[in-house]
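The values are calculated or read from the model by the stated rules, or taken from the named source; none is laboratory data. Predicted model, so just to flag it, every value in this text is computed and none were measured. Cβ sites come from the backbone with ideal geometry, for glycine too, and all protein chains shown count toward neighbours.
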Amino acid sequence: MNNAQTEILNARFKNTPAIEIVRWVVEQSDDRVVVSTNFRPYEAVILHLCIQVKHNIPVLWVDHGYNRPATYRFSQKLCEQLRLNLKIFLPKLSAAHRDAVYGPVPEVNDEAGLQKFSEMMKLEPFERGMKELAPTYWITALRKVQNPNRAEMDIFIEEHNLDVVKVNPVFYWTDTDMEDCLNQNGLPNEWDYFDPAKVDEKRECGLHVRQK
């Protein structure tokens, strides 16, 4: 799929219900589809949508080792409730090992340090996971309202470096839409979340940097 084709898909599916987008992707994927998660707030929404269409869809989670206890408890609860087919990928170094060698997580103004941290603890295991699972479609919970970089994206994005089409079924959903979905389906949520590779929510860690 090329950029022209994704533009056609974006126009076609802009006002389509998210679950219908997921259904179309699964039908096109020839069983080569994954959904990624970091168990941040509202992640239950995209996971619930996906398992309604494909109950055993691989759920790719990079556990960088710096999650807060609440995030680990939330991930366990959601895995049990939704019976997720969770595929965990870990960095080559544990959090304790990295800290002992390189020091604490870089501060928000240390761009070079954060980039190195992200590459080591998040991007490398993510790319390894994508290579192992070998999807042609990658579903995410990315949304337009999350930050300025994501506002310039769309539902379908050609990820040339991964040779995959990234699909964001809830791209145009608001926080209210997400809350409504959680409430209507009895899904849990968790707000005590922190991404050490980003520090600031307006910053990207590298997984979702807009393609030029």
For E127, indicate whether it is modelled with pLDDT of 95 or more, of a type in the set (D, E), in a helix (DSSP H, G or I) and over 17 Å from the mean Cα position of the chain (by Cα).
no
Where a residue in the range 38-57 is at positive phi and its partner, wherever it lies, is of a type in the set (A, V, I, L, M) and assigned to a loop (DSSP other than H, G, I, E, B), with Cβ under 9 Å and at least six apart
Y42/A141; Y42/V170
From the options A44, A70, A96, residue that is in contact with a Cys (Cβ under 9 Å, 6 or more places away or on another chain) and either under 17 Å from A141 (Cα atoms) or part of a helix (DSSP H, G or I) (or both):
A44
Taking the range 157-180 and keeping only residues that are more than 20 Å from N15 (Cβ to Cβ) and over 15 Å from the mean Cα position of the chain (by Cα), one is left with E158, H160, N161, D163, E179
Out of the range 24-70, which residues are among the charged types (D, E, K, R) and touching a Pro at 6+ places or on another chain (Cβ under 9 Å)?
R32, D63
Considering (1) of a type in the set (A, V, I, L, M, F, W, C); (2) buried (at least 17 other Cβ atoms within 10 Å of the Cβ); (3) modelled with pLDDT of 95 or more, say which one V105 fails and leave the rest.
(3)
K122 meets each of (1) crowded, with 17+ Cβ neighbours inside 10 Å; (2) out of contact with any His (no Cβ under 6 Å at 6 or more places or on another chain) with one exception, condition (2)
Filter the range 47-67 for residues that are farther than 16 Å from L187 by Cα and outside any loop (DSSP other than H, G, I, E, B); the one that is farthest from the chain's Cα centre (by Cα) is V53
Can you find a residue that is closer than 27 Å to E124 by Cβ and not in a helix (DSSP H, G or I) anywhere in the range 19-27?
no
